[in-house]
Structures are given as C-alpha cells and as structure tokens.
Amino acid sequence: MELEKFSYDNKVVKAFIIATVVFGLVGMLVGLTAAIQLFYPIFNFDTQYTTFGRIRPLHTNAIIFAFVGNAMFAGIYYSMQRLLKTRMFSDLLSWIHFWGWQLIILAAAISLPLGMTTSKEYAELEWPIDIAITIIWVVFGWNMIGTIIKRRERHMYVAIWFYIATFVTVAVLHVVNSYEIPVNFFKSYSGYAGVQDALVQWWYGHNAVAFFLTTPYLGMMYYFLPKAANRPVYSYKLSIIHFWSLIFIYIWAGPHHLLYTSLPDWAQSLGVVFSIMLIAPSWGGMLNGLMTLRGAWDKVREDPVLKFMVVAVTAYGMVTLEGPLLSLKNVNAIAHFTDWIVAHVHVGGLGWNGFLIFGILYWMVPRMWDTKLFSTKLANLHFWLGTLGIIFYALPMYVSGVVQSLMWKEFNPEGFLVYKNFLETTVQILPLYMLRAIGGGLYLIGTIIMTYNLIKTAYAGNFIANEAAEAAPLAKEYAAPGSGGWHHRLLEHKPILFTVLSLIIILIGGIIEMVPTFLIKSNIPTITSVKPYTPLELHGRDIYIREGCVNCHTQMVRPFRSETERYGEYSKAGEYVYDHPFLWGSKRTGPDLQRVGGKYSNAWHYSHMLAPDAVSTGSIMPPYPWLFEQTIDKNQTAKKISALRKVGVPYEEDYESVANDELDKQATEIVSNLKGEGIEVMPETEIVALIAYLQRLGKDIKAEKTAEIKQ
C-alpha cells in the first residue's frame, strides 16, 4: 500500500509550550506572594487588588487553567497527531483554540483582582468568561474529534481514550456548575442555593481535579513515559480496566468534600464509598506507569526526563491513596478545614502535574527544535530543587494541619476549650507558613532554571514548524475474535460511539446524587424563621464575596463539641436556602462566621476591618481601608432583587420599588449605633453594608430558638 505524505503541526504546540512556561512562572510567583501574605501581611500591599482574598483565586486559576491547562493542550496536540498519524483536523481551529484560551486567561487575570468573582472554588470566573470557556472548549473538542475521525491509525491508543473523557466530562461539569443568573455584565448569582449549590460545586470541584488535572495527564503519561523510556506500556488490559473504572467511579466522589456538613447523610456516604473504591483504578494506573519502566531503571538514574516522570507518577499514587483516606469520616474530622488539605492538593499539583509537565517539556523541546537538551546538569539541578521544594512545602503543611486540628479540639480537665480564641491557633503555625514559602521559592527557582535551559536549547537548534511524516491510509480491517482485548478494539474503531459511552458513564453518578437532592424536599428541611437577606445585607454579602473572605472563613459549624462550644449551634440545611451562592468555604485561616451575628458590636466590626491587628493582636488579616471610602451602588439593588427572585428567593412582587427605602432605614440604624460609639460614617459606605451582613449571620437560628422557648 502506498504511503501518504503529510506533516505534523508543531507551531501550535510551540505556542502552547511558551504559554505554559510564561504562565507557570507568573502563577507560581503569585502563589509565593500569597504564601508570604499569610505570615507577613504587609505583602498585601495595602491595595484592594492584591489582598490574599483576591490573590488566592488568581493563583489557583493561573496554575490550573493557564499553566496546567496550556501544558495539557501542548501535550495533547503533540501526542494526538503522532498517535493518529495525521495532522490536526483544522489549523484554523487550533489557533482559535490557542488565542481564545489565552484571552480567557487574560480576562481572568484582570477580573479576579478587580473582585469580579462567583466565589465558587475553581469556578470563580463570571458569566461572560464562562460563556467564552464553553465556546473555546467546543472548538477544542471539535478539532480533537475531527482529528480522530480522519486518522490513519485504526487503533485508538489508550492516551486518546483519556483525552476523549476529558473533553466530554469537563464540558458537562462546566455547563452544569455555571448555571447562573446575571445581574449585570460583571455580576451574577448562582442558579442553585445552599446545600444544592454546595453539592453541584463539589461535584464540579472534585471532578475538575479528576478530569482537568488527572485524566488528560494520565493520557500524556501513557504516551510520553513509554516514549522517554523506550518501552511499551506494561499492560493493555490494565489500561482498559484503569480507564473505564476511573471515569465511572470518580464522578461520584465529590460529596467527600462536604462530610459533617448540612449535606444529607446518604449523599455524604455515597461520596465516601466511591472515594475508597477510587484507590483501585488510581493505583492500577500508577502501577501501569511504573511497571512500564521495568528494565529501564538504569536509564532513570541518568535521564532527568525520566526522573521527573517517576516522581510525578509516584506523587499521583500518593495523592490518590491519601484522597480516599481523607474521605473517611474519622480522618476527615481531623483534616478538613486545615492545612493538611493544602498539603494534599499541592503534592498533586507540584508533584503530579508540575513534575510531569517538566518531564514532558524536557522531552518535547529538543525534538521540536531538532537538537539536544542544552544542559543535563541544569535539568538535574531543577529536579532536586523541585523535589526539595515539594518537601519543604508539604511537610510543614501536614504538621500545621495536625497542630491546627488538635488545638481546635483540645479541652481542659474542667471541660472548657483550651484555645477559645481562634487566633492562638493561627499564631502557633506561622513558622510553618514561613517554611512553606521557602518550599515554594525553591520550586519557583527550579522553574526559572528550566526556562533558561529550554530557551538555550531552542536557540541551539532549528525549529521544525511542519514535521514531515508518512503513513498508510486507514485500512478497513478489524480486530478478529481471539486476539487480545478484541472487544475493546472494536469499540476503539468507533470514536463517536466511544465518546457517547464515555458521556453516559460519567453522567450516571452525577444524576443519582443530584436528582434526589433537588427533588426530595425532606433532604433540605425548611426553617420558618429563615428569611431572605435585606437589601443592605445583600449588598454586604456581595462585598464579602468580592473581597474573597470565603478563602479564609467558613460558614459551616459542624456537629462537633469543639465547634459548637466555640461557635454555637451546628449548621442546618434550611439555613442556606436563600444563599446564592453558598459560602461554606474549604479552609479556616480565620474562625467560622456562621454564628458571628450579634457576637460583637458594630463598632468592633468597624475597627476590625479598618485595623485588624489593633483589635486582635497578632492577626494576619489585612486591613480594608477602601470599604470606608467606597459607596454601594444603589442603582443595582433592584437588579439584584430581580435576579434572585428568578432563582427562587421569595421577594414580594414589586419589592424593587421599596428596596432602597428599606436599605436606607437599616443603614441609618447602623450609622446611629456607630455614632453612639464615637464613630462617624456615611450610611452609603460599603463598611456599613458589610457590617449589616455580618450581623445577620446566625440571627435566623437564634430567632427560631427564641420562638421555641416562648412556646
């Protein structure tokens, strides 16, 4: 059969590689800044655009979508063409994808410091950017599926399976979680409330880790690791089991982020069961990767590419064992809301994603520029700096997490909390935060060295923009019964059917978890005393969201004695029915605020936001002076009321016409109260609205208790 000549497109891969390195450096620098802010608050720089609450989501989005995302696309575009023996379906779609993705990242980099955020973890970007993500993701999928259909290789290699699952699942996750009602071009409210919003968000959040940070990287592991080791994948059959079991089980595990919360117990239990089941397919993939290196361990000692890849796969194995263990309720009771979770996430991010990216870049760049790596010694130096960086980052955070939990829960012989003041537990771990920053600094230095090494490598070679290749056209032949895995090979011959089956598999878990939570009212019992937020409280809540307070404060009192003693009555599902979005949080750098209403005076809140350290000695919270100068936009009140009514908040018809009158009345009461404490403030300033919101928290439950006592 005559071979067809064609070429692989390396230009778009080069563009994604450059974006990966640039955004990797930026994202890590922002992360290091955020790490320093937690023990040296002056690094908040006294501006509203660089506080920890705004920098932290900028860091996570830069690393996940800019660094890891661009690297994912670089690896997929490079490997897919060679596995399918064809150029990408459309050069135009490739470039629309590239530039569209970079514009999305730019929009995120502008909007997040400006406080335009939904507050939902890993999904903070506002609705216009969400629409852009959807469009560009469709372009990516269109280009990928088109390439698979026009392939010259009948067999769809295992990496392609993971790429397909990534495309369909991320599309579903993003669209479902991004259901929101716009208020204006820069603000929206989640279409879900409270418990339901939390379930959807962590179904998305956990599976964004699964299908954006894991499945595409498993696909790239299956391509680049065998290439670098010059060995075939250890087991094709294990690959089949690994793939289908992983994508089916992963989608169920989201509720393990919500243990001991107001989520119904049955949903929590499902999350735990499927999380434990995840160990098997995850470790199947890890072992398949490591066993591929059988007979190549001498090469591992010499080749920095394989060193990075071995540590990456090992880190994957560690975090996919630790994650299920953290889903056990007795372990979760210790670890959740602490720095233990931060350590867990970063072993995955720095070890699994980061090191695999470094290994792949060191492998791809010399080949695309037709030369050798500029310096193996520098690559090895990068490896050891990165490894030390991970150790110096993770170990202090594990210790910090245990210290936090033990201090939060410690009672004296008389039965009182030893550390009633939450700040005591924060001050204790500041040296560990310093060590964490040193680890992040080492990791960043290693990445800078890699950048230099790759630039010198590129300058030493000649870039191959269109890499010549040849292959026979696709033959109409099928695997015969009796050959190994022939049933699955038949499925691999039908990419559209394969894609549809992958979609069905990942939909099952989400549907079974979400439908009962939304349709069965007994899952979220109502509380008669819980009322919608007043207009002033609503403005204050939006300021709380804008400033990223949810990054440090939870609003979820769990049913532990240590928490009810410190904060008050444990949280009920019915408390959150008007919360669009939910604000349960995932980390306590500061105390829980669900019962803070009425605990302190208005004057205390005023002074605390102006100079936290003056009110609470040793506080690492930054000041918020702009809240005392900026005013709320009362022109937005009616739009906010209208948008929330559309998602089910029972504001009366035509309430918009009197909303600002009620807002002024409540603001005047707060201003009058502050004046009695010697504080002069204008009623329309943002601090007044924020005080109104904070003083509301927990009041509904207190009203319910008061009503019960009177009866």
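Selection of helices (runs of 4 or more DSSP H) fully inside segment 293-372 by the criterion of at least 2 residues being at pLDDT 95 or above and in the same structural domain as Asp265 (by TED's automatic domain parsing) returns 304-326, 329-335, 339-346, 355-368. Sort out which residues of segment 123-150 are within 22 Å of the chain's Cα centre (by Cα), surrounded by fewer than 21 Cβ atoms within 10 Å (Cβ to Cβ) and not hydrophobic (A, V, I, L, M, F, W, C), and write them in order of number. Once the filter is applied, which keeps residues that are within 22 Å of the chain's Cα centre (by Cα), surrounded by fewer than 21 Cβ atoms within 10 Å (Cβ to Cβ) and not hydrophobic (A, V, I, L, M, F, W, C), segment 123-150 yields Pro128, Asp130, Thr134, Gly141. Among the residues of this structure, Thr338 counts as one that is in contact with a helix residue (DSSP H, G or I) (Cβ under 9 Å, 6 or more places away or on another chain), more than 29 Å from Ala229 (Cβ to Cβ), surrounded by 19 or more Cβ atoms within 10 Å (Cβ to Cβ) and of a type outside the set (Gly, Ala, Ser).
Scan segment 614-671 for residues that are without any contact (Cβ under 8 Å) to a residue 40 or more places away in the chain, farther than 30 Å from Met434 by Cβ and in a helix (DSSP H, G or I) and the total you get is 13. Where in segment 381-497 are there helices (runs of 4 or more DSSP H), lying fully within it, with 1 or more residues that are out of contact with any Ser or Thr (no Cβ under 7 Å at 6 or more places or on another chain), closer than 30 Å to Arg151 by Cβ and free of Cβ contacts under 8 Å to residues at least 12 places away in the same chain? In segment 381-497, 486-492 are the helices (runs of 4 or more DSSP H) which contain 1 or more residues that are out of contact with any Ser or Thr (no Cβ under 7 Å at 6 or more places or on another chain), closer than 30 Å to Arg151 by Cβ and free of Cβ contacts under 8 Å to residues at least 12 places away in the same chain.
In the set Gly317, Gly351, only one residue is under 19 Å from Leu442 (Cβ atoms) and either of a type in the set (Asp, Glu) or crowded, with 17+ Cβ neighbours inside 10 Å (or both); that residue is Gly351.
Only a single criterion out of (1) farther than 29 Å from Asn635 by Cα; (2) surrounded by fewer than 20 Cβ atoms within 10 Å (Cβ to Cβ); (3) touching a residue at least 60 places away in the same chain (Cβ under 8 Å); (4) of a type in the set (S, T, N, Q) is not satisfied by Ser94, namely (2).
Any residue that is part of a loop (DSSP other than H, G, I, E, B) and either surrounded by fewer than 23 Cβ atoms within 10 Å (Cβ to Cβ) or free of Cβ contacts under 8 Å to residues at least 40 places away in the same chain (or both) - is there at least one of those in segment 534-545? Yes - at least one qualifying residue is present in segment 534-545. Out of Leu503, Leu507, one residue alone is under 30 Å from Tyr8 (Cβ atoms) and either modelled with pLDDT of 90 or more or of a type in the set (Asp, Glu) (or both). It is Leu503.
I'm trying to understand the selection: among the residues of segment 1-30, which are of a type in the set (Gly, Ala, Ser) and surrounded by 23 or more Cβ atoms within 10 Å (Cβ to Cβ)? Residues satisfying the conditions are Gly24, Gly27.
From the list Asp613, Asp579, Asp592, the lone residue that is under 31 Å from the mean Cα position of the chain (by Cα), at pLDDT below 95 and either crowded, with 20+ Cβ neighbours inside 10 Å or not assigned by TED's automatic domain parsing to the domain that holds Val427 (or both) is Asp613. Among the conditions (1) under 21 Å from Ile511 (Cα atoms); (2) over 30 Å from the mean Cα position of the chain (by Cα), Tyr234 misses just one, which is (1). Scanning segment 500-522 for residues that are of a type in the set (S, T, N, Q) and surrounded by 19 or more Cβ atoms within 10 Å (Cβ to Cβ), which turns out farthest from Thr166 (Cα to Cα)? Looking at the filtered set, the residue picked out is Thr517. Among the conditions (1) surrounded by fewer than 16 Cβ atoms within 10 Å (Cβ to Cβ); (2) in contact with a Leu (Cβ under 7 Å, 6 or more places away or on another chain); (3) under 21 Å from Ser190 (Cα atoms), the only one that Pro625 does not satisfy is (3). In segment 404-416, is there at least one residue being of a type in the set (A, V, I, L, M, F, W, C) and over 30 Å from the mean Cα position of the chain (by Cα)? There is at least one residue in segment 404-416 that is of a type in the set (A, V, I, L, M, F, W, C) and over 30 Å from the mean Cα position of the chain (by Cα). Going by the structure shown, is Thr376 of a type in the set (Ser, Thr, Tyr) and surrounded by fewer than 19 Cβ atoms within 10 Å (Cβ to Cβ)? Here the answer is yes, as Thr376 does meet what is asked.
The values are calculated or read from the model by the stated rules, or taken from the named source; none is laboratory data. Quick caveat: nothing in here was measured; it's all calculated off a predicted structure. Note: ideal-geometry Cβ built from the backbone for every residue, glycine included; neighbour counts use all protein chains shown.
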